[in-house]
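The next block holds one structure in the form of structure tokens; read it before the comments.
The values are calculated or read from the model by the stated rules, or taken from the named source; none is laboratory data. Source: prediction; values computed, not measured. All Cβ positions, glycine included, derive from the backbone under ideal geometry; neighbour counts span all protein chains shown.
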């Protein structure tokens, strides 16, 4: 008998590669190219390093209080973790312990099924519709809990608040988690529904819009009963989950409010318009392109094929050619927005950096030609 017979065997989640090459554009983990709010830098420079000899506050009080004030909830409704991944994993352990399968979309954040397998939770995936949206009716079947991102990743599409509420309202007997990692970039947060539904947990992160992926800060907001159960599990697992600098710098970022985020988004949008499309408005290029547009149908077909091949363990070269081909065709035929979004999927595949750089250069040249003022 070998000790390996007692090992828990899982297929791990593969995190995005962190290349160390100057000038390289990396898209697959959606890190913000801009630094955090100025107040974060100022606080970091004057931080007392002598305080690092002490254990951090296990209740993360300074950050919890800042989030509670910012989102107009009580501190008892806020739970903080080491990135939203930590928050979600803790929630899986806490709330998904029934015999029925939990539900999440078939094309979504690829960590969900990893957590389910790790924690021994049965799960079932619900297919997106032809336009890559969630079908609320699929989430009315018997289940042990629900999680979905809004906006979804990797599709980039968001569901209306009405759709989210339909799912929550139809599942009052289980916990419903809405993963809002990208909500600051589009869509409406489900936070207004928290006071109405005690089974709703809304998860957000500091890694995207707040440009603080390196500090690993995530949080969720829900009813005080939900947060109480989460804290019970956390303190049974590791009392000191978040270090002191993350707590202090995270609180500072929250206190800066939305002003910095809004200002930065304005700069990004204007720079993009100047560099890629001159003085023209990108919206005019895609307005009126219906969900049944042949280019969008192509994108849908090719991406579904990509997901299928990836799950089957297709070799890198096959996945690369499929994605690059679909991307080129999308841009050439005029679907610049959807084509550009697919570049993130390409970059996530690419191990051959030179191939990636050449591909992106070619695509952007085609996009500029397509969007240049017509004579």
(message) Name the residue that is nearest to residue 247 (Cα to Cα), counting only residues in the stretch 32-48 that are part of a loop (DSSP other than H, G, I, E, B) and in contact (Cβ under 8 Å) with a residue 12 or more places away in the chain.
(response) 47
(request) Would you mind stating whether residue 89 is surrounded by 13 or more Cβ atoms within 10 Å (Cβ to Cβ) and out of contact with any helix residue (DSSP H, G or I) (no Cβ under 9 Å at 6 or more places or on another chain)? (result) no
(request) Name every residue in the stretch 160-195 that is part of a loop (DSSP other than H, G, I, E, B), over 15 Å from residue 147 (Cβ atoms) and touching a strand residue (DSSP E or B) at 6+ places or on another chain (Cβ under 6 Å), in order of residue number. (result) 194
(request) Scan the stretch 229-244 residue by residue and report those that are surrounded by 20 or more Cβ atoms within 10 Å (Cβ to Cβ) and assigned to a loop (DSSP other than H, G, I, E, B). (result) 242
(message) From the list 152, 171, exactly one residue is under 23 Å from residue 30 (Cβ atoms), surrounded by 18 or more Cβ atoms within 10 Å (Cβ to Cβ) and assigned by TED's automatic domain parsing to the domain that holds residue 94. Which is it?
(response) 152
(message) Suppose we keep only residues that are at pLDDT 95 or above and in a loop (DSSP other than H, G, I, E, B) within the stretch 110-126. Which one would you say is surrounded by the fewest Cβ atoms within 10 Å (Cβ to Cβ)?
(response) 122
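This table checks each residue for (1) outside any helix (DSSP H, G or I); (2) touching a strand residue (DSSP E or B) at 6+ places or on another chain (Cβ under 9 Å).
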residue: 137; (1), (2): no, no
residue: 157; (1), (2): yes, no
residue: 197; (1), (2): yes, yes
residue: 225; (1), (2): no, no
(message) Could you tell me how many of the residues in the stretch 191-228 are surrounded by fewer than 17 Cβ atoms within 10 Å (Cβ to Cβ) and either touching a helix residue (DSSP H, G or I) at 6+ places or on another chain (Cβ under 7 Å) or under 30 Å from residue 162 (Cβ atoms) (or both)?
(response) 7
(request) Determine, yes or no, whether residue 186 is without any contact (Cβ under 8 Å) to a residue 40 or more places away in the chain and assigned by TED's automatic domain parsing to the domain that holds residue 47. (result) yes
(request) Among the residues of the stretch 83-109, count how many are under 21 Å from residue 151 (Cα atoms), assigned to a loop (DSSP other than H, G, I, E, B) and touching a strand residue (DSSP E or B) at 6+ places or on another chain (Cβ under 7 Å). (result) 3
(request) Scan 301, 208, 275 and give me the residue that is at pLDDT 55 or above and assigned to a helix (DSSP H, G or I). (result) 301
